[in-house]
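Notes to accompany the following structure.
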Protein chains: 2
Amino acid sequence: MGRIYAEYELESPVALERAAEVIAGEQSSGTFLKLPGETDDLRARSGAVVERVELLDTRSAPSLPCRIESESFQRGRIRLSWPVETMGPSLPNVLATVAGNLFELAEVSALRLLDVSFPPEFASACPGPAFGVAGTRRLCGVESGPLIGTIIKPSVGLTPDQTADVVEDLARGGIDFIKDDELQANGPACPLPERVDRVMRVVNDHADRTGKKVMVAFNITGDLDEMRRGHDIVRAAGGTCVMVSMHCIGLAGMTALRRHGDLPIHAHRAGWGLFSRSPDIGISYVAWQKFWRLAGADHLHVNGLGNKFSEPDDSVTASAKAVLSPLFDDGPAFEAMPVFSSGQTALQVPGTVAAAGSDDFLICAGGGIIGHPGGIGAGVASMRQAAEAAALGRSLPDHAQQNEALAQAIAAFGKRMA
Amino acid sequence: MGRIYAEYELESPVALERAAEVIAGEQSSGTFLKLPGETDDLRARSGAVVERVELLDTRSAPSLPCRIESESFQRGRIRLSWPVETMGPSLPNVLATVAGNLFELAEVSALRLLDVSFPPEFASACPGPAFGVAGTRRLCGVESGPLIGTIIKPSVGLTPDQTADVVEDLARGGIDFIKDDELQANGPACPLPERVDRVMRVVNDHADRTGKKVMVAFNITGDLDEMRRGHDIVRAAGGTCVMVSMHCIGLAGMTALRRHGDLPIHAHRAGWGLFSRSPDIGISYVAWQKFWRLAGADHLHVNGLGNKFSEPDDSVTASAKAVLSPLFDDGPAFEAMPVFSSGQTALQVPGTVAAAGSDDFLICAGGGIIGHPGGIGAGVASMRQAAEAAALGRSLPDHAQQNEALAQAIAAFGKRMA
């Protein structure tokens, strides 16, 4: 069987080599018990291996509170590996291994998991995305170019009928994709069965009239029974997507939903800031999204360029490229569709194409579509025109000369971008 | 229906009141869409409410990287509330609400969720622990005093037969509880079915001979199918406990396991440091453990006093008291059993009784039992004698005068504690 490799950025009050050995010991056979004659053999068979230690910096104070006192704190990168034999090709157990009881170690004063790689055993043991990019394009009827989407607003508070009215306006505007806000759950104020019923009548009627079926990601986040019921309600009504907040359900929930269902799973990352906001503790999305693709996510949120949150653009770019990168050198790619959102308008589209290195993505704009001065239809058109400009290698102002919706978007949203 | 209340510590480049309003807006109806005549009504019905804002400190620099520049950063506490109508009594959706897209907000430069309270609807909607303190005592046959436990070491690398040999030594030593290391999963090197078979033969034989059935928490962490199979294997062999790493399976996995199974669920918190290590980002265990008790955890790890990790004792104490506190004023207590571990010996037992305010806890000692100079039996005895001393209000040195095992523990481990 193969090995799991994990790379970390860390800071330590002891030498980096020593910290790497402590982590490797703690996260594998770490033992004080001497089994006569067996310890060396056992370590060789089961122990984690320190593959590389790279010192990058030395600081005079710890970045996080640290019990071990020191005059200098080494900062750098380490790479460890583990044999799959000990934990088996099981995502939750890999997570316990590469991101378990190590963030609290006294020997580290900062620790971030940067990347992880899975050996081929995981390609057969894990379901992976059932739809990914190609399946999503097929269901949306969008052969090329980015998928243009939006989020139903207000986030919560609409009745099922009001929700359907918003969806109708968006469908008429030519949108490809609509998602629930992650706060819109299955509460008494707007129960999922009624919401699905009203919304899918609109979507199905629109599809009958125009041939275009808008993909609506209904938020079915809940316990497993709730998610299964929600999925089945969506499918029975002719829906083509379900959404879950991945951190709220967890890896076992995602895998179980994937194995139960047969609709694309739109994975929202509400709560992600907890993993990413501090430069000193957390997990990189480059590593994190791999777990969720293996578990079955088809769409993965990556924030947006120039977003309203705190994430810089280079981090968004790295996340998007990671979501589109094959998971295995030999084997299934398991690629998912990156979802850009937060403060998006036509103006970010060319940069987003460049960031993703592809137009295989979904971009959700709220104000950029609903707040477009020409209305929703013009808002959607402006996003598509911006994607055309990118495909043609033309600047947005040039392309806007023949494209009114894009010109309006530049006039309305340009100042915000400057 | 009732309301969810959540309390946060936060730091902000804008006024705390403003930050509280942004969070309340973002995490509820947060809308730019004007529905004619309805917005005020909708906000009143569905919006989050800022219940309290308390300024505690002002700092001149942001604690975490922050896009909004400012000359001062207010730090304090806020309390928000949400109507249950919008999300329903659903744990994953409460989590998306109180710990969703808010850690990344530009208006905060530090944010920790300190506490959350659930209205009575959750008492009937959530399963809660099936065994808790009373059920665990009954299965272990320990009517009073702390449960004395240990962890199988080496963490990984033992065969099923070697594991059973370790368990046999521990059972003969009079231990109440034994747990797998969280790194011991169901890998080819030590498959769960064989491990359960060998270990339970030892446990059942010991119970037949002595009347005492040791509780062994077998780690069944995995996807839901794996956990169900693992649970059923343990139960069929006469086992009385299963263990999961809660962060690795997620809330939906925990609830599904609870609804499937009929054994106590020992919840390991591997990865917890990610939520707790930074003073500027994360979730307090006081808040966090409530989600897991509602989902069905019977035992919850709280670290140990004088532990080898980075958590200070006051935080461990707060966690333990929280795990034992009733979840509802009127309704089921849903109390779980706190599990102390990490560098524990007889010497920490009286302090632990004081910290928990009770002897309804499980304390797992590794070196303190296996490394006891009188052997495993004396190690276990030393822990019980220390608990007796606490119950009698006697000092350990006093009580050690008539209790050899305790005297040996003080001699062997006393220096470490000083």
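Since every read-out is calculated from the coordinates, none of them should be taken as a lab result. This structure is a prediction, so every number in the text was calculated from the model and none was measured. Methodologically, a virtual Cβ is constructed for each residue, glycine included, from the backbone with ideal geometry; neighbour enumeration extends over all protein chains shown.
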Open item on the list: Just to check I understand the Karplus step: with θ = phi - 60° and J = 6.51 cos²θ - 1.76 cosθ + 1.60, what whole-Hz values come out for region A:82-88, glycine and proline as x?
Closed with: 9, x, 5, 3, 6, 10, x
- [ ] Would you compute, from DSSP H runs of 4+ residues alone, the mean residue ellipticity of chain A at 222 nm, taking -39500 (n - 2.57) per run and dividing by the full residue count, rounded to the nearest 500?
- [x] -12500 deg cm²/dmol
Open item on the list: Averaged across orientations, what area in nm² does the convex hull of the alpha carbons in region A:105-218 project?
Closed with: 12.0 nm²
Task: Cβ-vector label at 7 Å, A:LEU56, separations to other copies in nm - done: 3.2
Open item on the list: Label position 7 Å from Cα toward Cβ: report the copy-to-copy distances for A:GLY331 in nm, one decimal, ordered from shortest.
Closed with: 4.4
Task: Per-residue average of Cβ from other chains inside 10 Å of B:44-50 - done: 3
- [ ] Would you mind estimating how fast region B:3-125 diffuses translationally, via Stokes-Einstein at 4 °C and 1.567 mPa s with the Kirkwood radius over Cα pairs, in µm²/s?
- [x] 86 µm²/s
- [ ] Could you tell me what % of all Cα pairs in chain B have separations over 40 Å?
- [x] 24 percent
TODO: Compute the label-point distances linking A:GLU194 to its equivalents in the other copies; points lie 7 Å from Cα along Cα→Cβ; give nm, one decimal, shortest first.
DONE: 5.7
- [ ] Return the whole-Å distance between the Cα centroid of region A:57-97 and the Cα centroid of region A:335-368.
- [x] 33 Å
- [ ] Please state the charge dipole magnitude for the protein assembly as shown, taken about the Cα centre, from unit charges on C-beta atoms (+1 on K and R, -1 on D and E), reported in debye and rounded to the nearest 20.
- [x] 380 debye
Task: Surface/4 estimate of mean projected area, convex hull on alpha-carbon atoms of region A:356-412, nm² - done: 3.8 nm²
Open item on the list: Taking each residue in B:241-250, count the Cβ atoms of any other chain within 10 Å of its Cβ, then average. What number comes out?
Closed with: 6
- [ ] Could you run the Karplus curve 6.51 cos²θ - 1.76 cosθ + 1.60 with θ = phi - 60° over region A:120-132 and give me ³J(HN,Hα) per residue in whole Hz, x for Gly and Pro?
- [x] x, 3, 6, 5, 8, 7, 9, x, x, x, 7, 10, x
- [ ] Note down the nm distance, to one decimal, between modelled labels 7 Å out along Cα→Cβ at B:ALA44 and at B:ASP225.
- [x] 5.3 nm
Open item on the list: Return the equivalent ellipsoid semi-axes of region A:247-353 as a descending list in whole Å, where each equals the square root of 5 times an eigenvalue of the C-alpha gyration tensor.
Closed with: 23, 16, 14
Task: Projected-area average for region B:162-252 over all orientations - Cα convex hull basis, square nanometres - done: 5.7 nm²
- [ ] Extending each Cα 7 Å along its Cβ direction at A:ASP57 and B:THR210, get the distance between those two points in nm, one decimal.
- [x] 5.4 nm
Open item on the list: How would B:HIS247, A:HIS301, A:HIS260, B:HIS206 line up from fewest to most surrounding beta-carbon atoms within 10 angstrom?
Closed with: A:HIS260, B:HIS206, B:HIS247, A:HIS301
TODO: Just the number, please: percent antiparallel of the DSSP beta bridges in the protein assembly as shown, rounded to the nearest 5.
DONE: 50 percent
Task: Kirkwood Rh, Cα atoms: Rg over Rh of the protein assembly as shown - done: 0.98
Task: Inter-label distance for A:ALA354 and B:ASP330, nm, one decimal - labels placed 7 Å from Cα along Cα-to-Cβ - done: 6.3 nm
Open item on the list: Can you tell me what share of the DSSP beta bridges in chain B is antiparallel? A percent to the nearest 5 is fine.
Closed with: 50 percent
- [ ] Would you mind pulling out the separation of the Cα centroids of region A:128-148 and region A:205-235, in Å?
- [x] 16 Å
Task: Efficiency of FRET from Cβ geometry, B:SER72 and A:ASP165, R₀ 30 Å, rounded to 0.05 - done: 0.10
- [ ] Among B:PHE118, B:SER342, B:THR317, flag the residue with its Cα farthest along the positive direction of the charge dipole of chain B, charges on Cβ as +1 for Lys/Arg and -1 for Asp/Glu.
- [x] B:SER342
